Amino acid sequence: MTAVWSEPLLFLNPAEAETIDALAARIVPGDADDPGAREAGAVHYVDRALAGFLRGLQTTYQDGLRELDAHCRQHHGGRFAELDAAVQDGVCAELDRRALADGEDSLGHLFAVVREHVVEGLFCDPAYGGNRDGVGWRMVGFPGAQWAYTSEQMARDFDATTMSIVTLADLYGGSRSAG
């Protein structure tokens, strides 16, 4: 059974989105108290990117996700998204080894591509579909899309986590804080 999405999917079907969301949860794990890529909505960034500027990778994603689920069914008894977290971690470790060992391995290649896009989705401006509530920026202490910085804020020892996070929407909407 696939998840119900809070935002419309532009390219991915619900099963594909569920698999990417499960991969995101293993690539940068998190929970409600310490959000990761799933909580940041990285899957929505990937979906929007595939519907737009990454449309050249649509076949890579569709074929690769189908192959990943077939591999997981054969070796683990279910689709990737249906497996428990420990098994998913093992599958991700296997795919990472395959990506490093042979650039021609299709599942290894898929994992490398998905990992790159999940990380982009974690740290992008929320306008692009990921980094919901600035969770990625909070993780690294980045204050977001500021118009400018004062000389005090540019000092080496300044703690940028004391600044309000500002998104592109805040800049163009006139608001000074996203959270």
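One table, with the values for the structure above:
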| item | result |
| --- | --- |
| Helix 42-51 vs. the chain, principal-axis angle (Cα, 0 to 90°, nearest 10) | 80 |
| Accessible surface of the chain, 1.4 Å probe, proportion on carbon and sulfur as whole % | 53 |
| Rounded to 10°, Cα long-axis angle of helix 58-76 versus longest principal axis of the chain | 60 |
| Low-density loop cleavage sites - chymotrypsin sites (Phe, Trp or Tyr not before Pro) in segment 10-72, where at most 11 other Cβ are within 10 Å (DSSP) | 53 |
| R0 of 22 Å, Cβ-Cβ distance residue 116-residue 172: FRET efficiency to nearest 0.05 | 0.20 |
| Computed helical MRE - 222 nm, the chain, DSSP H runs ≥ 4 contributing -39500 (n - 2.57), nearest 500 | -16000 deg cm²/dmol |
| Per residue accessible area of segment 19-134, 1.4 Å probe, in Å² | 46 |
| Value of relative contact order over the chain, rounded to a whole percent, pairs C-alpha under 8 Å and six or more apart | 21 |
| Förster-model FRET efficiency, 25 Å R0, residue 85 and residue 51, C-beta, rounded to 0.05 | 0.30 |
| Stretch gain in nm, segment residue 128-residue 96, where the contour uses 0.36 nm per residue and the Cα spacing is subtracted | 8.9 nm |
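The values are calculated or read from the model by the stated rules, or taken from the named source; none is laboratory data. It should be emphasised that the depicted structure is a prediction, and the values quoted were computed from it without experimental measurement. Here Cβ is always computed from backbone atoms with ideal geometry, including for glycine, and neighbour counts include all displayed protein chains. For the accessible areas, the whole protein counts, side chains as well, though only heavy atoms, and no ligand, DNA or RNA atoms are used. Shrake-Rupley method; radii C 1.70, N 1.55, O 1.52, S 1.80 Å.
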